[in-house]
Structure formats: structure tokens, C-alpha cells
Amino acid sequence: MKEEDQQTIKDVLRSILDFMEIQAEIETRVSDETLVFNLKTEDSSLLIGQHGANLNALQYMTRILSYKKLSEPAYFVVDVEGYKQEREEFLRELAQAAAERVRDTKESLLLKPMSSYERRVVHAEISKTTDIMTESVGDEPERRILIKPKN
């Protein structure tokens with residue numbers, strides 16, 4: 001991503017935070033080839049919200065407002081105090097444990113509803129196995145992952 005596009009996203013994020021009267025430091029890092037804008041703030045619980053709902057809304061607003069100003073389409077993630085990074089680690093461990101359970105019992109397993117981002121993490125982790133597969137079932141906001149043996 002071009003440096004000026006990164007700055008544009010930072011500026012949009014800063015204007016949203018200023019509007020909300022929230023002080024935050026914006027750090028950037030690359031994780032799995034994805035640019036992450038991580039916010040360091042004392043208002044982290046407010047920005048994250050219940051089960052990350054506010055954080056998802058903040059990311060959505062930042063994307064919508066940024067895309068009109070960027071020189072080329074870009075994928076990026078907004079995080080707060082590493083919340084999404086920790087959540088990803090939890091989801092990877094959950095996926096591995098679920099795959100092991102399906103492998104042992106030979107029965108399908110239906111996980112709790114997740115956001116599309118969280119489902120993507122689980123699908124990616126399970127795709128590393130050769131004998132287990134995943135499928136998204138249901139409708140938003142109750143969309144879930146079904147983990148089952150390949151045969």
C-alpha cells in the first residue's frame with residue numbers, strides 16, 4: 001500500500017476518533033500481509049464494545065470513508081490494543097481443538113455464531129488440515145461454521 005494511502009486511512013481514523021472525543025495513538029504493523037492500524041488508548045473497552053461490535057463498526061466506517069479517497073483499493077484492519085490479534089489466536093486454538101474433536105468422534109461440530117472476519121480465521125486454520133473441512137451455514141447474524149470430516 002502506498003505511503004499516502006496509509007496516511008489517508010490514518011487521517012480518516014483520526015477524524016473519527018476526534019469526533020468521538022477519544023485520545024488514541026495509531027500504530028501500524030503488517031500481519032499476514034495485511035496492514036493493521038492498532039489503536040493504543042485508555043478508552044479501549046468503549047472502542048471494542050461487546051464481543052468487538054464497536055470495533056467492527058469503527059473498522060467499517062473507516063473503510064467506507066477511506067475507500068473514496070484512496071488511489072487504489074486496499075484491505076486493512078483496525079484493531080484496539082491488540083484485541084483482534086488475541087482473538088485470532090483464540091480462534092486458531094478453537095479451530096484446532098474442534099478439528100481434533102471431529103477427528104476423534106467422526107461427527108460434525110457446529111460452532112457458535114461468528115462475524116465474517118472470525119469465520120475467515122477459522123476456515124483458514126482448518127484448511128491447513130487434510131482430513132477436516134468447514135462450511136458456513138445459516139444467515140447473519142447467526143451464521144456459524146460447521147466442521148466435519150472430509151469423507
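The values are calculated or read from the model by the stated rules, or taken from the named source; none is laboratory data. All values reported here derive from a predicted model rather than from experimental measurement. Glycine gets a Cβ as well: all are built from the backbone with ideal geometry, and neighbour counts include every protein chain shown.
Quick look at the numbers
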| read-out | value |
| --- | --- |
| Test: residue in segment 132-146 that is surrounded by 14 or more Cβ atoms within 10 Å (Cβ to Cβ) and out of contact with any strand residue (DSSP E or B) (no Cβ under 9 Å at 6 or more places or on another chain) | no |
| Selection status of VAL122, under 21 Å from GLY49 (Cα atoms), touching a Leu at 6+ places or on another chain (Cβ under 7 Å) and not acidic (Asp, Glu) | no |
| Options GLU72, GLU86, GLU142; residue that is in contact with a helix residue (DSSP H, G or I) (Cβ under 9 Å, 6 or more places away or on another chain) and of a type in the set (Asp, Glu) | GLU72 |
| Residue within segment 91-107 that is charged (D, E, K, R), surrounded by fewer than 15 Cβ atoms within 10 Å (Cβ to Cβ) and under 23 Å from THR34 (Cα atoms) present | yes |
| Enumeration of residues in segment 23-58 that are touching an Asp or Glu at 6+ places or on another chain (Cβ under 6 Å), crowded, with 16+ Cβ neighbours inside 10 Å and not in a helix (DSSP H, G or I) | VAL36, ASN38 |
| From the options GLU21, GLU72, residue that is farther than 16 Å from TYR117 by Cβ and modelled with pLDDT of 95 or more | GLU21 |
| Residues within segment 106-142 that are assigned to a loop (DSSP other than H, G, I, E, B), within 18 Å of the chain's Cα centre (by Cα) and either under 17 Å from ARG92 (Cβ atoms) or at pLDDT 95 or above (or both), tallied | 5 |
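Residue by residue, here is whether (1) within 21 Å of VAL122 (Cβ to Cβ); (2) modelled with pLDDT of 95 or more; (3) not aromatic (Phe, Trp, Tyr) holds:
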| residue | (1), (2), (3) |
| --- | --- |
| GLU33 | yes, no, yes |
| LEU39 | no, yes, yes |
| LYS68 | no, no, yes |
| LYS84 | yes, no, yes |
